[in-house]
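The values are calculated or read from the model by the stated rules, or taken from the named source; none is laboratory data. Computed from a predicted model, the values in this text were never measured in an experiment. Cβ placement follows ideal geometry from the backbone for every residue including glycine, while neighbour counts extend to all protein chains displayed. Remember, those area values only see protein heavy atoms, side chains included, never the ligands or the DNA or RNA. Shrake-Rupley method; radii C 1.70, N 1.55, O 1.52, S 1.80 Å.
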Amino acid sequence: MPFLVIDGLSKSYGDVHALVDFHLSVEQGELISLLGPSGCGKTTTLQALAGFVLPTRGRIVLNGRDITQVPPEKRGLGIVFQSYALFPHMTVAQNVAFGLEMRGLPRAERDQRVARMLDLVHLPDLAQRYPRELSGGQRQRVAVARALVIEPPVLLLDEPLSNLDAQLREAMQFELRRIQRKLGTTTLMVTHDQAEALSISDRVVVMHAGRVQQIDAPHRLYEHPQSRFISSFVGKTNLLRGRVRGRMVELSTGLQLPLGPAAAADGSELTLCLRPEKLVLLPAGAGRLPARVTERFFLGSQWLYRVHCALGDLEVATANDGREPWPEQAELGLGWSDDVARVLPPEASAP
Ligand SMILES: Nc1ncnc2c1ncn2[C@@H]1O[C@H](COP(=O)(O)OP(=O)(O)OP(=O)(O)O)[C@@H](O)[C@H]1O
Ligand SMILES: [Mg+2]
């Protein structure tokens, strides 16, 4: 039996269905991200797991024990909330030691565990500072240390890195993953940042309007989105309409692409997902069809082009290899390999 089972969890506030029939089984040591736009039910899910929100329906089973009705303080989970609050009148060390003190651990062991945890989050020299004397990123790390030090069976993180600048945020993402792996802590992390979810999770749960849309490993999720929403929420995408002709899909221009393993009735209409970085810009005359560059944006490691072609307006991302980019208005050719177009499932294909 999986370590943590969330079985048909639902939460309604009057007419607002914040969470609808949420199912998830988590193995011990996994890091799972809950990803979705604002208001999709991420915090509600985490709060129900923590015990602060009573679900309308469903069960939570941790290590074989039904904890659905167990009060929060008896669940023993580590929690870092969306607005992480440290105790302002306590030093960093006292903040981190708090949970251990509550559990009545002897002084010597407490000090040892706090020191080890501060080492782990790279804050050994700040133990005697107060929260007001710390930067946002340092506070964030204290909050994570405080949650981890009690060695909880499950760590719940609600947008734990949301207040950090891009650089610190990325550094902390990798750090969090490293610590989580080292301690083997089963972790559920809420984020609305897809790059964060993809880069450090074992699996990602994509939510939309209170419902789970897809649960998959990051690369699988990115390469095989099961809905239009996911194809554009997780990464960028070009969506193309096509009609099934045997084992091929015919696009509006008459261009044909292999259908791949998808099951679709001959003659039916469907939607193809073509990621911008899978498209290539070539000199005029080359590739599958002519295309004109209408706009160009510099993203640092990549160039993002908007091009106009017989299939409509598409986005193309190319690696910045250091050479001059294609100019706007350039008349070029557009190409891609056969196997990079993904067919969305028929039920998700409707425009
Ligand atoms: N106590 C409440 N009473 C009524 N509606 C609520 C309550 N708490 C949350 N909701 C509603 O439930 C839905 C889900 O809210 P939730 O906080 O889970 O979203 P979220 O995915 O965490 O969003 P964000 O990314 O903005 O934090 C929202 O429509 C919200 O307005
Ligand atoms: Mg939230």
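Once fully extended, how much extra length lies between Tyr13 and Gln94, figured as 0.36 nm per residue of separation less the alpha-carbon to alpha-carbon distance?
Working: separation 81, 0.36 × 81 = 29.16 nm, distance 3.77 nm.
Extra length available between Tyr13 and Gln94 comes to 25.4 nm.
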Review point. What do you reckon, how do Arg181, Arg113, Arg243 stack up by accessible area (1.4 Å probe), largest on top?
Key: Arg181, Arg243, Arg113
Review point. Which whole-number percent of Cα pairs in the chain have a distance greater than 35 Å?
Key: 38
**Study point:** Normalised alpha carbon radius of gyration of the range 280-335 [divisor 2.2 N^0.38 Å]
**Key:** 1.02
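What number comes out for accessible area per residue over the chain if the probe is 1.4 Å? Units Å², please.
Working: 16670 Å² over 351 residues.
Spelled out: the 1.4 Å probe surface of the chain, per residue, equals 47 Å².
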Review point. Separation between the Asp66 and Gln28 pseudo-spin-labels, each 7 Å from Cα along Cα→Cβ, expressed in nm?
Key: 2.3
Exercise for review: Pick out which of Ile79, Ile32, Ile67 has the largest mean-square fluctuation in a Gaussian network model of the chain, springs linking Cα atoms closer than 10 Å.
Suggested key: Ile67
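Given only helices, namely DSSP H runs of n ≥ 4 each adding -39500 (n - 2.57), what is the per-residue ellipticity at 222 nm of the chain, to the nearest 500 deg cm²/dmol?
-7500 deg cm²/dmol
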Practice item. Provide the FRET efficiency to the nearest 0.05 for the Asp193-Glu324 pair, computing r from the beta carbons and using R0 = 30 Å. Key: 0.40
Exercise for review: State the answer as a single residue: which of Leu120, Val244, Phe229 lies farthest towards the positive end of the charge dipole of the chain, with beta carbon charges of +1 for Lys and Arg and -1 for Asp and Glu, about the Cα centre.
Suggested key: Leu120
Exercise for review: Please calculate the 1.4 Å probe accessible area of His224, with all protein chains present, and give it to the nearest 10 Å².
Suggested key: 60
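When the accessible area of the range 35-89 is split by element with a 1.4 Å probe, what percent falls to carbon and sulfur? All intermediate terms of the calculation are to be shown ahead of the outcome.
Numbers: 1490 of 2770 Å².
Carbon with sulfur: 54 percent of the solvent-accessible area.
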Exercise for review: For Asp66, Asp339, give the ranking by accessible area with the largest first, probe 1.4 Å.
Suggested key: Asp339, Asp66
Exercise for review: Could you check how much of the accessible area of the range 280-335 is carbon and sulfur, as a whole percent, using a 1.4 Å probe?
Suggested key: 53
Review point. Tilt of helix 92-102 relative to the longest C-alpha principal axis of the chain, in degrees (0 to 90, nearest 10)?
Key: 70
Review point. Over the heavy atoms of Val154, what accessible area does a 1.4 Å probe trace out, to the nearest 10 Å²?
Key: 0
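Roughly speaking, what is the stretch gain from Glu269 to Glu331, that is 0.36 nm per residue apart minus the C-alpha to C-alpha distance, in nm to one decimal?
Numbers: separation 62, 0.36 × 62 = 22.32 nm, distance 3.06 nm.
Answer, rounded to one decimal: 19.3 nm.
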**Study point:** Exposure rule at most 16 other beta-carbon atoms within 10 Å, DSSP loop GluC sites (Glu not before Pro): the chain longest free segment
**Key:** 28-327
